[in-house]
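Okay, structure first, notes after.
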Amino acid sequence: MDFMNNQSVELLPFHAINQFMRNDFRLSMIRSALSAMPNLCDDHRSAIERMTKKYVKVPGFRNSDKAPSAVKAVPLAEAFEKRSDLAGAILAAWVVSHLELRQKVYDFLTSRGWETLPLETDRVKLGGFFITWPKDEDFEMLGKTYKEQNPDSAYTTDEVLLMVVWITMHLPYEMVEKADFQCVPKMEKEEKPAE
């Protein structure tokens, strides 16, 4: 599926997620993503290092990506608010540090009838989030229902909801009826089979 070639699909840049995040949670998420860096594939890790060097200024360090995580987390969180490419890469790194949660949220969503992209899909390649959201599935209700179904979960509601957004690749900008909602938008231009 190549969403980027479909002109009718509207996407918000990755850093649009900041409108839905508290500052303290953003910083916590960044720290968690930084802790996942050793577990990332070389391409993903080097992309984050390259963007950190380019977009992040850490006082006392000529090369920001060489700064200790504790020192670069705050400036990285500031860059996360402005740079879509960096935000997407950091979110993907955060997911790597929460693979168990990813599976649990995926199972939770599919049990509710959400049809999402496969978990293995490189969501960073989409370039952003879709703008529609089903009205009857607001964040508060999803967070509460997840906690009721997973009472022993150690994950915070913020973590659960961030994973919901990442798995679905949707942000609630345009609320639609559930019957009209497509988690994975259908393509307008269908490939015609060769005759």
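The values are calculated or read from the model by the stated rules, or taken from the named source; none is laboratory data. All values derive from a computational prediction rather than experimental measurement. For neighbour counting, all protein chains shown are included, and Cβ atoms are generated from backbone atoms with ideal geometry for every residue, glycine included.
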Quiz prompt | region 162-178 - residue that is of a type in the set (A, V, I, L, M, F, W, C) and free of Cβ contacts under 8 Å to residues at least 60 places away in the same chain and, of those, farthest from Glu10 (Cα to Cα) | solution = Val164
Exercise. Residues that are loosely packed, with under 14 Cβ neighbours inside 10 Å: find the helices (runs of 4 or more DSSP H) completely inside region 38-96 holding 2 or more of those.
Key: 42-55, 69-80
Exercise. Taking the residues in region 97-147 that are within 22 Å of Ser84 (Cα to Cα) and hydrophobic (A, V, I, L, M, F, W, C) as candidates, determine which candidate is surrounded by the fewest Cβ atoms within 10 Å (Cβ to Cβ).
Key: Leu119
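Find the residue count for region 91-144, including only residues that are among the hydroxyl-bearing types (Ser, Thr, Tyr) and closer than 14 Å to Met163 by Cβ. Lay out the reasoning, then the answer.
Here is the first cut: in region 91-144, the residues among the hydroxyl-bearing types (Ser, Thr, Tyr) are 97, 106, 110-111, 116, 121, 132.
Then drop every residue that is not closer than 14 Å to Met163 by Cβ, which leaves 97, 106, 110, 116.
Residues flagged as among the hydroxyl-bearing types (Ser, Thr, Tyr) and closer than 14 Å to Met163 by Cβ within region 91-144 amount to 4.
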Quiz item: How many of the residues making up region 106-158 are in contact with a Pro (Cβ under 6 Å, 6 or more places away or on another chain) and either among the charged types (D, E, K, R) or in a loop (DSSP other than H, G, I, E, B) (or both)?
Solution: 1
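Could you say which residue among Val184, Val160 is of a type in the set (Val, Ile, Thr), over 15 Å from Arg102 (Cα atoms) and surrounded by 14 or more Cβ atoms within 10 Å (Cβ to Cβ)? Outline the logic, then answer.
Numbers: Val160 fails: over 15 Å from Arg102 (Cα atoms).
None of the others qualify; the one that does is Val184.
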Practice problem: Return a yes/no flag: does region 40-61 have any residue that is over 17 Å from the mean Cα position of the chain (by Cα), aromatic (Phe, Trp, Tyr) and over 24 Å from Asp152 (Cβ atoms). | Solution: yes
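Looking only at region 19-36, count how many residues are part of a loop (DSSP other than H, G, I, E, B) and either in contact with a Leu (Cβ under 8 Å, 6 or more places away or on another chain) or not basic (Lys, Arg) (or both).
Applying the first criterion (part of a loop (DSSP other than H, G, I, E, B)) to region 19-36 yields 21-22, 36.
If we keep only those that are either in contact with a Leu (Cβ under 8 Å, 6 or more places away or on another chain) or not basic (Lys, Arg) (or both) too, we end up with 21, 36.
Final tally of qualifying residues: 2.
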Quiz prompt | Test: residue in region 7-18 that is at pLDDT below 95 and either in a helix (DSSP H, G or I) or among the hydrophobic types (A, V, I, L, M, F, W, C) (or both) | solution = yes
